[in-house]
Amino acid sequence: MIREKLKIIPEPVKASLNDGVFFLSQKTTIQADLTSAGNGEYLKQVLAIQYGLNLAFEESSQDNEGKSSIILKTSNEKDLNNSEKYSLLISKENIIISATSSVGVFYGIQTLLQLIPHKTLKDDKISLEVSIPCVSIEDFPRFKWRGFMLDESRHFFGKEQVKKILDLMALLKLNTFHWHLTDDQGWRIEIKKYPLLTEIGSKREGTITSNRFLRSNQKIKAPKDEIPILGCYTQQDLRELIQYATERFITIIPELDFPGHTTSVLAAYPELSCTGGPFKVSTRFGIHKDVLCIGKEKVFEFIQNVLDEIIEIFPSNIIHIGGDEAPNRRWKKCFDCQARIKDESLGSVENLQGYFTNRITDYLGSKGKRIIGWNEILNDDLIDNALCQYWINHFDKVLEHIRKGRQVVMSEMKALYFDYPYRLIPLHQTYNYDPIPSNLEEKFHKNILGLEACLWTEYVKNKDKLEWLTFPRLIAVAETGWTPKNKRNFESFLKRLERFLPLLSALDVNYPKKEEFLQEQ
């Protein structure tokens, strides 16, 4: 079948295989119109680094379809329904990628790169020429939000690994990088107004290595490995990575966890708690009883000051505030929190987090930003423009949220949490998951923005384990996010994956053997 012969992932909406081949060689030139010039430079760089091809590049406003050229064109017409749409036409004479936007041209380039034989990568770089099949492709994504979340609070991986992930996301036409940068076990972002967040909050003494969480009143404690974990990003680092992502049409959405998962904050600024501390950056995982005090105005001042710096750094119009797993045990006994409940007529401690979320939502809204939070933020009084990210439990509330016209990103734990081993979430389970619930009426489907895979790194200590857990499952997520549902087929995907995996090897990506990621079907 054509889909297996072309070996493209995600599978395009429409593709046909034509007679003949295009010969790519050192004589091939790249031509781009003014709008596509950045994409032309990107393609030239990739072909030079990965394939040893140093092609001449010409930026021109003229439509000059010369022989043996790769032509990048952006039309003046705008597709309001899908700005990521592109067409790719490969003939014997030239390659033409056209779209109504730069991002469409970029995705056409990614498809072209997959059509170049992988054997030409790395040490076997092109010496004379290589043949690429003649094809006609019309393509656009199913969902707007096609994401991957990396947790760097628990373990820190650094700039080069993040760049590698962004490159792989671009190849797979993923467009949202959700960056989990703060939690109980580490604060990874420089905030100039609060230097102790990184001086104290980015360092922990070690990690409790047991998977079991022992109660505090037990005499036997789980062992700590005594290996210090530290690391953080300067604001200059963040800007560098944001620019790198932007060049690949990937939006970086930072997550700062509030009001729970904040032990690293309280270790640095204990006065933001209900009890006053003292605290240490946590060495264990799980839910922590000490959270931000919602009764104190200084907490809101702190969050607003932090968000001001975050907004200055990150151009994304969406900021993730976490909101999950925030116990109210401390709030019940806190004088300030109880006073807040009375003063704001909240009725009970259960309504404190809703009050907190709406205040932060209002503040970000005043800055032209929207919040997204895990589905624990949902409540009847939640401000309308707040986005929800679903992961587990209370799906009835999520459906109600969707039917009210609100928007949701799906991160179903049983299919899209990559910290779970393949024996619990094998590849077919990830691939066969669909973000649109079967019982959701069609008129509400548009309120599901898409899907996002998540890698929590409590027990992911190095880049090899990170990549091993992520690939090939993230490849499956990319196809779900892009390809029409009626074209998705797991057997076809596996055949194409067999020809895609050597590309991962050439790019030095660590992934498991086939028998490991397939498991039992």
Does residue 503 meet the test of being touching a residue at least 40 places away in the same chain (Cβ under 8 Å) and under 30 Å from residue 406 (Cβ atoms)? no
So which of 283, 251 ends up being farther than 23 Å from residue 372 by Cα and in the same structural domain as residue 208 (by TED's automatic domain parsing)? 283
All but one of (1) in a helix (DSSP H, G or I); (2) surrounded by 19 or more Cβ atoms within 10 Å (Cβ to Cβ) hold for residue 450; state the number of the condition that does not hold. (1)
Residue check, residue 460 within 19 Å of residue 149 (Cα to Cα), among the aliphatic types (A, V, I, L, M) and assigned to a loop (DSSP other than H, G, I, E, B): yes
Working only within segment 266-290, note down all residues that are under 17 Å from residue 200 (Cα atoms) and of a type in the set (A, V, I, L, M). 266, 267, 268, 272, 281
Looking at segment 231-249, which of its residues are without any contact (Cβ under 8 Å) to a residue 12 or more places away in the chain and either charged (D, E, K, R) or not in a helix (DSSP H, G or I) (or both)? none
Residues satisfying the stated conditions in segment 406-434, i.e. in contact with a strand residue (DSSP E or B) (Cβ under 9 Å, 6 or more places away or on another chain) and closer than 19 Å to residue 169 by Cα: 409, 410, 411, 415, 416, 417, 418, 419, 430
How many residues are exposed (fewer than 14 other Cβ atoms within 10 Å of the Cβ) and touching a helix residue (DSSP H, G or I) at 6+ places or on another chain (Cβ under 6 Å) when one looks only at segment 386-439? 1
Within segment 147-195, count every residue that is free of Cβ contacts under 8 Å to residues at least 60 places away in the same chain and either touching a Pro at 6+ places or on another chain (Cβ under 7 Å) or not in a helix (DSSP H, G or I) (or both). 3
How many residues, within segment 311-336, are in contact (Cβ under 8 Å) with a residue 60 or more places away in the chain and more than 20 Å from residue 185 (Cα to Cα)? 8
Residues being under 30 Å from residue 472 (Cβ atoms) and in a loop (DSSP other than H, G, I, E, B) - total across segment 405-426: 12
Being surrounded by fewer than 16 Cβ atoms within 10 Å (Cβ to Cβ) and part of a helix (DSSP H, G or I) is true for just one of 289, 298. Which residue is that? 298
Any residue in segment 388-404 that is farther than 30 Å from residue 296 by Cβ, of a type in the set (Lys, Arg) and assigned to a loop (DSSP other than H, G, I, E, B)? yes
In segment 463-489, the residues that are surrounded by fewer than 15 Cβ atoms within 10 Å (Cβ to Cβ) and either touching a Leu at 6+ places or on another chain (Cβ under 9 Å) or part of a loop (DSSP other than H, G, I, E, B) (or both): 484
Given the conditions (1) in contact with a strand residue (DSSP E or B) (Cβ under 8 Å, 6 or more places away or on another chain); (2) among the polar types (S, T, N, Q); (3) more than 24 Å from residue 14 (Cα to Cα); (4) without any contact (Cβ under 8 Å) to a residue 60 or more places away in the chain, every one holds for residue 510 apart from (1)
All but one of (1) over 17 Å from residue 178 (Cα atoms); (2) outside any helix (DSSP H, G or I) hold for residue 503, so report the exception by its number. (2)
Of 323, 373, the only residue that is crowded, with 16+ Cβ neighbours inside 10 Å, at pLDDT 95 or above and in contact with an Asp or Glu (Cβ under 6 Å, 6 or more places away or on another chain) is 323
Looking at segment 496-506 only, could you name the residues that are over 11 Å from residue 472 (Cα atoms) and surrounded by fewer than 16 Cβ atoms within 10 Å (Cβ to Cβ)? 502, 505
It is to be established whether one or more residues within segment 378-395 are under 20 Å from residue 262 (Cβ atoms), in the same structural domain as residue 440 (by TED's automatic domain parsing), in contact with a Ser or Thr (Cβ under 7 Å, 6 or more places away or on another chain) and of a type in the set (Phe, Trp, Tyr). yes
Filter segment 393-413 for residues that are touching a residue at least 40 places away in the same chain (Cβ under 8 Å) and of a type in the set (S, T, N, Q); the one that is farthest from residue 455 (Cα to Cα) is 407
Please work out which residue is farthest from the chain's Cα centre (by Cα), limiting yourself to segment 394-441 and to residues that are among the hydrophobic types (A, V, I, L, M, F, W, C) and within 24 Å of residue 514 (Cα to Cα). 424
In this structure, is residue 497 within 22 Å of residue 421 (Cα to Cα), in a helix (DSSP H, G or I) and either outside the structural domain of residue 405 (by TED's automatic domain parsing) or over 22 Å from the mean Cα position of the chain (by Cα) (or both)? yes
Here are some conditions: (1) assigned to a helix (DSSP H, G or I); (2) in contact (Cβ under 8 Å) with a residue 60 or more places away in the chain. Residue 198 meets all but one. Which one does it not meet? (2)
Specify which of the listed residues (282, 264) is at pLDDT 95 or above, surrounded by 14 or more Cβ atoms within 10 Å (Cβ to Cβ) and not in a loop (DSSP other than H, G, I, E, B). 264
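The values are calculated or read from the model by the stated rules, or taken from the named source; none is laboratory data. Note that the structure is a prediction, hence the values are computed from the model and not measured. Neighbour counts run over all protein chains shown; Cβ positions are idealised from the backbone, glycine included.
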